[in-house]
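I have placed the structure first, in the form of structure tokens, so that the comments after it can refer back to it.
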Amino acid sequence: MDSLKSEIAAAAASLVVEEGLEYGPAKRRAVKSMGLPTRTALPDNDAVDVAVREYIALYCADTQPGELAALRALALTWMERMQAFRPHLAGAVWQGTATRLSDIYIQLFCDDCKSAEIALINHRVDYEPRTIMGFRGESVEALSTRSTCRTLGEMIGVHLMVYDYDDLRGALRPDSHGRVPRGDLAALQQLLKTQTPDSTET
């Protein structure tokens with residue numbers, strides 16, 4: 001990776017950690033803040049992920065593990081609540097790079113995609129339906145809400161991404177780095193059991 005892409009990745013990582021931005025918006029804002037042309041070639045997400053981990057290790061090593069554990073505990077609560085829809089945790093909270101500013105992304109794999117929405121209504125959860133990009137690049141409905149994390153004293157964004165049951169096939173295949181991109185309820189429970197105060201495991 002060339003030096004300019006490395007600089008963009010480092011600037012984007014700061015925005016991810018300090019402002020809770022997702023990788024795409026963080027890269028675009030980094031380019032703008034550096035005064036670079038809009039069409040500047042961007043680093044890939046793997047490069048930003050490496051930069052985020054380096055930033056956390058350098059600047060947030062004393063606080064981030066506890067924040068991550070609190071977010072994973074909140075995610076567990078939501079996954080238990082939505083257990084009927086085969087919930088899988090994804091994003092920074094699963095991968096271990098989340099901070100108190102990070103949102104929680106839970107992917108639901110449903111036999112009937114409307115059933116998850118009905119479940120939220122039955123739980124009297126206020127939510128906002130949105131359309132976002134799914135893990136295969138397709139448009140996916142997300143049911144977005146905010147949930148109190150008492151440990152952090154923060155309102156955390158929780159996004160329930162609704163997939164068809166068939167989309168679960170192949171969804172647990174490891175990426176090019178051998179990392180599983182999402183985890184089910186049992187996998188998250190195991191992470192919480194093994195997580196130590198100074199770990200940011202993936």
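Annotations for the structure displayed:
- Exposure rule at most 14 other beta-carbon atoms within 10 Å, DSSP loop GluC sites (Glu not before Pro): the chain longest free segment: 1-137
- The modelled label-to-label distance for the pair residue 125/residue 112, using points 7 Å beyond Cα in the direction of Cβ, is 1.8 nm.
- The chain, dipole about Cα centre (Lys/Arg Cβ +1, Asp/Glu Cβ -1), debye to the nearest 20: 120
- By the count of neighbouring beta-carbon atoms within 10 Å, fewest first, 135, 85 end up ordered 135, 85.
- Calculated P(r) of segment 3-59 - Cα pairs past 19 Å, %: 16
- Filtered trypsin sites (Lys or Arg not before Pro), segment 1-79: DSSP coil and at most 14 other beta carbons within 10 Å: 39
- Projecting the Cα atoms of 177, 4, 26 onto the charge dipole of the chain (Cβ charges, centred on the Cα centre) puts 26 farthest toward the positive pole.
- Two-site FRET efficiency, residue 34 against residue 176, from Cβ-Cβ distance with R₀ of 30 Å, rounded to 0.05: 0.60
Each value in this text was obtained by applying a stated rule to the coordinates, not by laboratory testing. None of the values given here were measured: they were computed from a predicted structure. In this analysis, Cβ positions are derived from the backbone assuming ideal geometry, glycine residues included, and neighbour counts consider all displayed protein chains.
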